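Student: Following this message is one structure expressed as C-alpha cells.
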Amino acid sequence: MLLRQLRRVVVSFNPLAAGALPAREFLARLAGKKARQSNPQCAVEPDLRDDAAPPHVYVEFGEWSAPRRAAGGRSGGQGEGRGG
C-alpha cells in the first residue's frame, strides 16, 4: 500500500463493534513499514469511537500537479482518452 499522494488518512471505528476487523486490518496496513516509507509525511490517525456508527475512512490528498510534457509533445486533446 502506497501513501505517496496522500497527506492524511483517518480511520474511524468502534474497536469493540462486530464489524471493526476490516478497519483494524486497514489501519495495520497503513502503519506498516512499506507504507510509512512510501510517504513519511502522511499522517495516519485512528479515531476510536464508542458509538454504533459504521466504520469509515477519511482521506486527504496532497497537492499535486500533472507532469509537464517535454517541448514538442502533445498537449492533450483528441486521441488521448478524453472522449474524442
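Student: Taking a spot 7 Å from the Cα of L16 along the direction of its beta carbon, which residues of region 42-64 have an amide N less than 20 Å from it?
Tutor: It comes to 46-56, nothing else.
Student: While we're here: Which of the listed residues, A17, V44, V57, is farthest toward the dipole's positive end in region 6-61, when Lys, Arg count +1 and Asp, Glu count -1 at the beta-carbon?
Tutor: V44
Student: Tell me, what is the percent relative contact order of region 6-61, built from C-alpha pairs under 8 Å that lie six or more residues apart?
Tutor: On the way: 88 pairs, mean separation 35.6, N = 56.
Once normalised by length, the contact order is 64 percent.
Student: In nm, what is the difference between 0.36 nm times the number of residues separating R36 and D51 and their Cα-Cα distance? Walk me through the numbers before you get to the answer.
Tutor: On the way: separation 15, 0.36 × 15 = 5.40 nm, distance 2.93 nm.
Value of the extension gain: 2.5 nm.
Laboratory data are not the source of any read-out in this text; all were calculated from the coordinates shown. The structure presented is a predicted model; accordingly, all values stated were derived computationally and were not measured. Cβ atoms come from the backbone with ideal geometry, glycine included; neighbour counts cover every protein chain shown.
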